[in-house]
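This report refers to the structure that appears directly beneath it.
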Amino acid sequence: MTSAIMGTTVLRTLAIANQKGGVGKTTTTINLGTALASIGERVLVLDLDPQGNASTGLGIDTDARSKTSFDVLTGTATLMETHQPTAVPRLYVVPANTDLVGIDTTLGPDQNRAFRLRDALSEFKAQQRTVPPGEAFNYVLIDCPPSLNLLTLNAMTAANAVLVPVQCEFFALEGISQLKDTIDQIRATLNPSLEIQGVVLTMHDARTSLSREVAENVRAFFGPKVYETIIPRNTRVAEAPSHGKPILLYDYDCAGSQAYIRLASEIIERERQHKAA
């Protein structure tokens, strides 16, 4: 169900964040974006990780990244000028490259540096209001780097909500309380409307007691914020990025693909509830 059918074309921005690496942030961003696009949403993936893995996973070659999220943050290009189509209909990406490594030095003492992305998105949203509903974007998904740095700060300051992937492994809860504290701090100082949209359990292995225990602990910590959908550990999901394809294009029928479709449906339902509240 598209946002237009729901009666609104308001652009919602979700930051996919967790300072712990290897928890499935990029995989979730790519495949959630693909799943949302497949059910009619128009989605922009904003790659904010210097590794540029979301860009690669969506099939954007490094030599095709002449304008990137670095240019957006430094004010030399707009989101309209930097976004490009992917192989998935209705899914676009603002690519990233290693230029982002130097963003702290480039922005230096600029007092507005935490708001660079927010300002760029405000301009983008204003432009979206001038296009026909069928051509307007419904979601921006920001793939954050695995650290609580200036890039993640920009993402959370600009976002309506945060989506937190949590890997079902031994150290899963390590740092989660720190991330929650960071979100609370940003809400108190920079972005009062920021909320946790949800927590998604990733790389779950139903055969192990550890995965079940971690899932239980995460649900105890976050309560109803945890999505019912659990992303299974799946070889096909792991293979897909090396082919420059989201899992829904690489293997639509595998368990990972179907899980991301269910997750997209859950997110749409939560967005509907948020709108009605």
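The values are calculated or read from the model by the stated rules, or taken from the named source; none is laboratory data. Please read all numbers here as calculations on a predicted model, not as lab measurements. Cβ coordinates were reconstructed from backbone atoms using ideal geometry, including for glycine residues, and neighbour counts include every protein chain displayed.
Taking segment 124-145, which residues are within 20 Å of SER55 (Cβ to Cβ) and not in a loop (DSSP other than H, G, I, E, B)?
PHE124, TYR139, VAL140, LEU141, ILE142, ASP143
Just to be sure I understand, how many residues within segment 247-262 are assigned to a helix (DSSP H, G or I) and touching a helix residue (DSSP H, G or I) at 6+ places or on another chain (Cβ under 6 Å)? Before the answer, list the steps.
Kept after step one, since they are assigned to a helix (DSSP H, G or I), are these residues of segment 247-262: 247-250, 255-262.
Now restrict to residues that are touching a helix residue (DSSP H, G or I) at 6+ places or on another chain (Cβ under 6 Å): 247-248, 250, 256-257, 260-261.
Count: 7.
Across segment 126-140, which residue is nearest to ARG42 (Cα to Cα) among those that are crowded, with 16+ Cβ neighbours inside 10 Å and at pLDDT below 95?
Keep residues of segment 126-140 that are crowded, with 16+ Cβ neighbours inside 10 Å, which gives 128, 136-140.
Subsequent filtering for residues that are at pLDDT below 95 retains 128, 136, 138.
Details: GLN128: 12, ALA136: 7, ASN138: 5 Å.
So, considering only residues that are crowded, with 16+ Cβ neighbours inside 10 Å and at pLDDT below 95, the one nearest to ARG42 (Cα to Cα) is ASN138.
Taking segment 219-246 as the search range and keeping residues that are assigned to a helix (DSSP H, G or I) and aromatic (Phe, Trp, Tyr), which one is farthest from GLN197 (Cα to Cα)?
Among them, the one singled out is PHE221.
Name the single residue that is nearest to ARG270 (Cα to Cα) among those in segment 172-192 being hydrophobic (A, V, I, L, M, F, W, C) and in a helix (DSSP H, G or I).
First pass over segment 172-192, keeping only residues hydrophobic (A, V, I, L, M, F, W, C): 172-173, 176, 179, 183, 186, 188, 190.
Now restrict to residues that are in a helix (DSSP H, G or I): 176, 179, 183, 186, 188.
Working: ILE176: 22, LEU179: 21, ILE183: 19, ILE186: 22, ALA188: 23 Å.
Only one residue fits best here, namely ILE183.
Taking VAL94 as the residue in question, decide whether it is among the β-branched types (Val, Ile, Thr), in contact with an Asp or Glu (Cβ under 8 Å, 6 or more places away or on another chain) and surrounded by 12 or more Cβ atoms within 10 Å (Cβ to Cβ). So that I can check it myself, show each step before the final result.
Values: among the β-branched types (Val, Ile, Thr): yes; in contact with an Asp or Glu (Cβ under 8 Å, 6 or more places away or on another chain): yes; surrounded by 12 or more Cβ atoms within 10 Å (Cβ to Cβ): yes.
Judged against the criteria, VAL94 is a match.
Being in contact with a Pro (Cβ under 6 Å, 6 or more places away or on another chain), hydrophobic (A, V, I, L, M, F, W, C) and crowded, with 20+ Cβ neighbours inside 10 Å is true for just one of VAL237, VAL200, VAL218. Which residue is that?
Numbers: VAL237 fails: in contact with a Pro (Cβ under 6 Å, 6 or more places away or on another chain); VAL218 fails: in contact with a Pro (Cβ under 6 Å, 6 or more places away or on another chain).
So the residue among VAL237, VAL200, VAL218 that is in contact with a Pro (Cβ under 6 Å, 6 or more places away or on another chain), hydrophobic (A, V, I, L, M, F, W, C) and crowded, with 20+ Cβ neighbours inside 10 Å is VAL200.
What are the residues in segment 203-215 that are among the β-branched types (Val, Ile, Thr) and either surrounded by 16 or more Cβ atoms within 10 Å (Cβ to Cβ) or part of a helix (DSSP H, G or I) (or both), if any? Outline the logic, then answer.
The initial filter retains those residues of segment 203-215 that are among the β-branched types (Val, Ile, Thr), namely 208, 214.
If the condition is that a residue be among the β-branched types (Val, Ile, Thr) and either surrounded by 16 or more Cβ atoms within 10 Å (Cβ to Cβ) or part of a helix (DSSP H, G or I) (or both), then VAL214 is the only one that fits.
Which members of segment 210-230 meet the condition of being closer than 20 Å to VAL23 by Cβ and either of a type in the set (D, E, K, R) or free of Cβ contacts under 8 Å to residues at least 24 places away in the same chain (or both)?
Our first condition is that a residue be closer than 20 Å to VAL23 by Cβ; within segment 210-230, this holds for 210-223, 225-230.
Matches in segment 210-230: ARG212, GLU213, GLU216, ARG219, ALA220, GLY223, LYS225, GLU228.
Hey, can you tell me all the residues within segment 146-171 that are buried (at least 24 other Cβ atoms within 10 Å of the Cβ), at pLDDT below 95 and in a loop (DSSP other than H, G, I, E, B)?
Residue satisfying the conditions is CYS168 alone.
Restricting segment 100-122 to residues that are under 17 Å from MET156 (Cα atoms) and among the acidic types (Asp, Glu), which is modelled with the highest pLDDT?
Restricting to residues being under 17 Å from MET156 (Cα atoms) and among the acidic types (Asp, Glu), the top hit is ASP119.
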